[in-house]
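These notes are about the structure you will find just below.
Values in this text are rule-based calculations from the coordinates and carry no lab data. The shown structure was predicted, so the numbers you read here are calculated from the model rather than taken from an experiment. Note that we place each Cβ from the backbone using ideal geometry, even for glycine, and neighbour counts take in every protein chain shown.
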Amino acid sequence: MKIAIIGANGMLGADLCEILRGNKKFEVVPFYGPVSEGIGHRAKGIEQDKEVIIDITNQIETEAEIVKSKPDVIIHTAAYTDVDGCELNKEKAYLINSTGTQNVALAAKKSGAFLIYISTDYVFNGEGKRPYRENDTPDPMSIYGKTKLDGEKFVQNILEEWAIIRISWLFGKNGKNFIKAILNQMAKSQILKVVDDQIGSPTYTKDLSKGINYFIQKGCETGIYHLTNQGFCSWFEFAKKIVELTGNAGKITVEPINSLQLTRPAKRPHNSVLENYAWKSKGYPLLQNWEDALKEYLKEEKK
Ligand SMILES: NC(=O)c1ccc[n+]([C@@H]2O[C@H](COP(=O)([O-])OP(=O)(O)OC[C@H]3O[C@@H](n4cnc5c(N)ncnc54)[C@H](OP(=O)(O)O)[C@@H]3O)[C@@H](O)[C@H]2O)c1
């Protein structure tokens, strides 16, 4: 089975490539974006069997390259993921996240492939008092969330065979993430101030990639899925756990602050917790607890 991964150099895309390549039943075709042109992978010395660079905002190029590669499944991870950047560069955000996803969906239709679209907790407004289920009504409060929700609508309107997998608070070794930011701050300061009025489920790219591997092996059932590591915490609790697990509990103090104390262009949801309801209902294995995932990640980072 041929699997095309769009955004193969991204934090999730890179681990997806690695995990799916380990599955003998799959042939992986990575699609890189216009910025990296696959450079990250080449620098890491990962051999590519086939390597294609596409700009998903270019419909003709996207369709031509995807159709040519004849994938059975496409995993679309590419996005403009800078949440504050999206607020300041609205046109770019709509072009990549909304129009780009429309182009990928049209290409999937033309090539007869099943499309897995990676979406986000930011499609919800975060005012809910319980974890969000797949059929809760989205109401994004940021441009990033709006553009990703547009992408979801294109996928559902254009295709018959699709999955939308909403994820949250992603961390992985191949990208900028909260853990790296905290480790950097710990090197500079003994007091860290971290927001405690936003909660979510930190999610490890490796666990997510294993989940997606399982989903494809099971035959890809159309629908919306929430998929995250289990359990939840605030950013403050997440930071405290990083400090503790790196053996710095006595040396570094983490202080809680309110998100209003940070002036950032984009609003973030207070409640970002996604119940993995559809995933669980199908009997698919849940991802491990976020604390265990964090331990694994920190071990991996040390290597
Ligand atoms: N990070 C999070 O916390 C988080 C949370 C919830 C959901 N998500 C979603 O999860 C997915 C993966 O996120 P991530 O953090 O792994 O992303 P990332 O590291 O920022 O990578 C995104 C990738 O998108 C590619 N891309 C950007 N513009 C493109 C274009 N015009 N044409 C083709 N490719 C383009 C980039 O490719 P090049 O660099 O090769 O140009 C980049 O490698 C995204 O869809 C995101 O919305 C992320």
**DSSP beta bridge pairing in the chain, given as percent antiparallel to the nearest 5** = 5
**Item:** Positive-end extreme of charge dipole, region 158-303 - chosen from Trp169, Ser272, Pro285 (charges on Cβ)
**Value:** Trp169
**Message:** On a full-extension model of 0.36 nm per residue, what is the gain between Leu298 and Glu221, subtracting their alpha-carbon distance, rounded to one decimal in nm?
**Reply:** 24.4 nm
**Message:** Expected output is a single nm value to one decimal: the length gained when fully extending between Leu262 and Glu275, i.e. 0.36 nm times separation in residues minus the C-alpha distance. What is it?
**Reply:** 1.9 nm
**Request:** Beta carbons within 10 angstrom, averaged per residue: use that to sort the peptides 226-232, 68-74, highest first.
**Result:** 226-232, 68-74
**Asked** Rounded to the nearest 20 Debye, what is the dipole magnitude of the chain about its Cα centre when Lys and Arg each give +1 and Asp and Glu each give -1 at the C-beta?
**Response** 580
**Prompt:** Which of the listed residues, Gly126, Gln102, Gly145, is farthest toward the dipole's positive end in region 41-194, when Lys, Arg count +1 and Asp, Glu count -1 at the beta-carbon?
**Reply:** Gly126
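Please state the charge dipole magnitude for region 177-224, taken about the Cα centre, from unit charges on C-beta atoms (+1 on K and R, -1 on D and E), reported in debye and rounded to the nearest 20. Kindly include the intermediate steps, with their values, before the conclusion.
Working: 6 positive and 4 negative charges, 54 e Å.
I would put it at about 260 debye.
According to the square roots a ≥ b ≥ c of the eigenvalues of the Cα gyration tensor, what is the shape class of the chain, taking rounded for a/c under 1.5, prolate for a/b larger than b/c otherwise, and oblate for the remainder? Kindly include the intermediate steps, with their values, before the conclusion.
Numbers: a/c = 1.61, a/b = 1.43, b/c = 1.12.
It comes out prolate by the Cα gyration axes.
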**Prompt:** Using +1 on the beta carbon of Lys and Arg, -1 on that of Asp and Glu, and nothing else charged, what's the dipole of region 191-257 about the Cα centre, debye to 20?
**Reply:** 260
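Over the chain, what relative contact order in percent results from Cα pairs under 8 Å that are six or more residues apart? Don't jump to the answer; show the numbers that get you there.
Values: 620 pairs, mean separation 59.6, N = 303.
Relative contact order, the chain: 20 percent.
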**Complete:** Among Tyr214, Ile191, Thr263, the residue whose Cα sits farthest towards the positive end of the charge dipole of the chain, when +1 is placed on the Cβ of each Lys and Arg and -1 on the Cβ of each Asp and Glu, is Ile191
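In nm, what is the difference between 0.36 nm times the number of residues separating Asn89 and Leu245 and their Cα-Cα distance?
On the way: separation 156, 0.36 × 156 = 56.16 nm, distance 3.73 nm.
Once the chain is fully extended between Asn89 and Leu245, it gains 52.4 nm.
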**Message:** List the residue ranges in the chain for DSSP H helices whose C-alpha atoms run 20 angstrom or more along the long axis and whose Kyte-Doolittle average is -1.0 or above.
**Reply:** 143-158
**Item:** Cα centroid of region 193-227 to Cα centroid of region 69-134, whole Å
**Value:** 14
**Asked** Efficiency by 1/(1 + (r/R0)^6): what FRET value for Ile191 and Asp82, r their Cβ-Cβ distance, R0 = 30 Å, to the nearest 0.05?
**Response** 0.65
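Going by average Cβ neighbours within 10 Å, how do the peptides 188-194, 114-120 rank, with the highest at the top?
Working: 188-194: 13.7, 114-120: 25.3.
Descending packing order for the listed peptides: 114-120, 188-194.
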**Request:** Sort 1-10, 156-165 for me by packing, meaning the mean count of neighbouring Cβ atoms within 10 Å per residue, highest on top.
**Result:** 1-10, 156-165
